[in-house]
Amino acid sequence: MKQYLKLCQRIVDEGQWVENKRTGTRCLTVINADLEYDVANNQFPMITTRKSYYKAAIAELLGYLRGYDSAAQFREIGCKTWDANANDNQAWLNNPNRKGEDDMGRVYGVQGRGWQRPDGSTLDQLAKVINNLKNGIDDRGEIITFYNPGEFELGCLRPCMHTHTFSLLGDTLYLTSYQRSCDVPLGLNFNQIQCFVLLALVAQITGHKPGKAYHKIANAHIYENQLELMRDVQLKREPFESPTLTINPNIKSLEDIETWVTRDDFEVTGYQCHDAIQYPFSV
Ligand SMILES: Nc1nc(=O)c2c([nH]1)NC[C@@H]1CN(c3ccc(C(=O)N[C@@H](CCC(=O)O)C(=O)O)cc3)CN21
Ligand SMILES: O=c1ccn([C@H]2C[C@H](O)[C@@H](COP(=O)(O)O)O2)c(=O)[nH]1
């Protein structure tokens, strides 16, 4: 939690204003942030200086792992975060590749589970990584990437947290996640949780101990219409201790994740937080 507040304060103190053409809203911006989550000791990185909707963040991750491509599928599992980008983003609405209401196109999990090869077949990146890790193999390329520049025009948004690298050292599993663009008040609250849960979950289904998750961010920003709430409200609050996360131990395979797991298979204990803050969202 301290590292999150430190990054927010750094943006407030040292950030530079950058115009953003896509949203039309300027962002106070810094380059390069490194965050770390201690999954081994179950220090669940939930924001405590405002209410965090962690179940929606986990549902979003489950949707990515299942290869969802529609905001309706995300809504069904308890996550509304893709409604705006699928249905209110003018550039996407004008894009002839959009297949209708709620379509997100070839983003995130579509690339992760069905990367298109030139011969028309598809590659399931996630299944490859999980199979290898289950068999104790780390080929130094246990990488899942959602970033496919050749298909950007087929999706509503380029992936933000775009690449996840798993590393096995003895019987401990590590994760390094890369993010190109980060909405620190809104998105990072979700992304921290997702890095943690991705490592904890993959460790559980591949039979390893989780170590640390390393989260590397290139462009970290606060939108102009979020700045006052961050600077004058959230940053004035004292954080509480991190809660812990319990994952249903019956989750044992990728197939379980694909078929029956829900956001209610994840429970947080000892979460104490300040009042909710509603940050504006830029589409
Ligand atoms: N400008 C922007 N920021 C983002 O963080 C973001 C995007 N766009 N587009 C794609 C996804 C969608 N994400 C989102 C979208 C909405 C919330 C959000 O509204 N969160 C609220 C309430 C969540 C709830 O009620 O479930 C929050 O207070 O955290 C969070 C992440 C993250 N990404
Ligand atoms: O997981 C996510 C997804 C998105 N974001 C934020 C980062 C940016 O503010 C926008 C995306 O805009 P681009 O113009 O495509 O960079 O969404 C996030 O923080 N986390």
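The values are calculated or read from the model by the stated rules, or taken from the named source; none is laboratory data. Please read all numbers here as calculations on a predicted model, not as lab measurements. We place every Cβ from the backbone using ideal geometry, glycine too, and count neighbours over all the protein chains shown. These area figures cover heavy atoms from the full protein model, side chains too; ligands, DNA and RNA do not enter into them. Shrake-Rupley method; radii C 1.70, N 1.55, O 1.52, S 1.80 Å.
Conditions (1) closer than 30 Å to D171 by Cβ; (2) within 16 Å of ligand 2 (Cβ to nearest atom), marked per residue:
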| site | (1), (2) |
| --- | --- |
| K216 | yes, yes |
| N225 | no, yes |
| V233 | no, no |
| N248 | yes, no |
| E255 | yes, no |
| V268 | yes, no |
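Filtering region 132-147 down to residues that are charged (D, E, K, R) and part of a loop (DSSP other than H, G, I, E, B), which residue is surrounded by the fewest Cβ atoms within 10 Å (Cβ to Cβ)? Looking at residues that are charged (D, E, K, R) and part of a loop (DSSP other than H, G, I, E, B), I get R140. Screening region 1-112 for helices (runs of 4 or more DSSP H) wholly inside it with 1 or more residues that are free of Cβ contacts under 8 Å to residues at least 60 places away in the same chain and of a type in the set (A, V, I, L, M, F, W, C) returns the ranges 71-76, 90-93. In the set Q116, Q111, Q9, Q16, only one residue is open to solvent by 40 Å² or more (accessible area, probe 1.4 Å), more than 25 Å from D265 (Cα to Cα), within 16 Å of ligand 2 (Cβ to nearest atom) and modelled with pLDDT of 95 or more; that residue is Q16. The set of residues in region 55-87 that are of a type in the set (D, E), out of contact with any Ser or Thr (no Cβ under 7 Å at 6 or more places or on another chain) and within 11 Å of ligand 1 (Cβ to nearest atom) contains only D83.
Among the residues of region 234-244, are any open to solvent by less than 10 Å² (accessible area, probe 1.4 Å) and either of a type in the set (A, V, I, L, M, F, W, C) or touching a helix residue (DSSP H, G or I) at 6+ places or on another chain (Cβ under 6 Å) (or both)? No. Among residues of region 115-131 that are assigned to a loop (DSSP other than H, G, I, E, B), those with a beta-carbon under 9 Å from a residue that is modelled with pLDDT of 95 or more at least six positions away or on a different chain give the pairs R117/L123; D124/G67; D124/G112; D124/R113; D124/G114; D124/W115.
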